[in-house]
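The values are calculated or read from the model by the stated rules, or taken from the named source; none is laboratory data. Model, not experiment: these values are computed from the prediction. Cβ atoms come from the backbone with ideal geometry, glycine included; neighbour counts cover every protein chain shown. Note: accessible area is taken over every heavy atom of the protein model, side chains too, but ligands, DNA and RNA are not part of it. Shrake-Rupley method; radii C 1.70, N 1.55, O 1.52, S 1.80 Å.
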Amino acid sequence: DDTDRFRDDKLDILEYETYDLAPMEPSQVFDVTGGRPDPAMYQFLRLANLGGKDAFLLESIFRKEVWGFMSEPVSEDNERAVVTTVIDACENALKEMDEISNDEASVLSTKMQLCALVRESERQALVRTLEYVKQEAEALDLKEYYQERRLKNLGLDSEWSPEDDDISFGGTRVPGGADYDW
């Protein structure tokens, strides 16, 4: 999106991640085979929809890791934007297909009948993908997001208890209590 204020950062990440390969373009095309969408599509869409409170991941300190972070859910808002993008794309493609009538298949030539058969296969793949992603959209609260994963990695995900305050890090020093022999 040309109006995305983080567009340059996102393009920089795509360029960095694909520097030795053919550079990744800011718009991508993914195959929809029905059911679970391509994980690379989700990774790309998570980056494309990154913003708001999640924009800190675009800071230069994360530049080498951010593409890897996008392989897993970032936040509920970001994941909602991703599934909404996929749902909208599937619904728009199905709407365009509805404009083409399959009722005429009996009077069409053999080539046109084959085209109608392929179109029906594509429709089924879109419908299955749409069903899968809609189910995913209903379960967004069950996913583990970046912040939770990060806290677990740092060992900060456990419950706090008053006994935790009794842990002493180092000695107990009292002002003026040193026994220096100078």
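List pairs: first in segment 45-74 and at positive phi, second part of a helix (DSSP H, G or I) and surrounded by fewer than 23 Cβ atoms within 10 Å (Cβ to Cβ), Cβ under 7 Å, 6+ apart or cross-chain?
Between residues of segment 45-74 that are at positive phi and residues that are part of a helix (DSSP H, G or I) and surrounded by fewer than 23 Cβ atoms within 10 Å (Cβ to Cβ), the close pairs are GLY52/ASP77.
Would you confirm whether or not segment 78-94 contains a residue that is under 24 Å from LEU11 (Cβ atoms), free of Cβ contacts under 8 Å to residues at least 24 places away in the same chain and of a type outside the set (Val, Ile, Thr)? Talk me through it step by step, then tell me what you get.
To start, the set of residues in segment 78-94 that are under 24 Å from LEU11 (Cβ atoms) comprises 78-86, 88-89.
Subset that is free of Cβ contacts under 8 Å to residues at least 24 places away in the same chain: 88-89.
Now drop any that are not of a type outside the set (Val, Ile, Thr), which leaves 88-89.
Yes, segment 78-94 contains at least one residue that is under 24 Å from LEU11 (Cβ atoms), free of Cβ contacts under 8 Å to residues at least 24 places away in the same chain and of a type outside the set (Val, Ile, Thr).
Is there a residue in segment 32-44 that is under 30 Å from ALA116 (Cβ atoms) and of a type in the set (S, T, N, Q)?
Looking through segment 32-44, at least one residue is under 30 Å from ALA116 (Cβ atoms) and of a type in the set (S, T, N, Q).
So TYR42 ticks every box in (1) within 17 Å of LEU14 (Cβ to Cβ); (2) touching a Leu at 6+ places or on another chain (Cβ under 7 Å); (3) open to solvent by less than 20 Å² (accessible area, probe 1.4 Å) but one. Which box is left unticked?
(2)
I'd like the full set of residues that are crowded, with 16+ Cβ neighbours inside 10 Å and charged (D, E, K, R), limited to segment 45-67.
ARG46, ASP54
What residue, among those in segment 129-158 that are outside any helix (DSSP H, G or I) and in contact with a helix residue (DSSP H, G or I) (Cβ under 7 Å, 6 or more places away or on another chain), is farthest from PRO37 (Cα to Cα)?
It comes out as ASP157.
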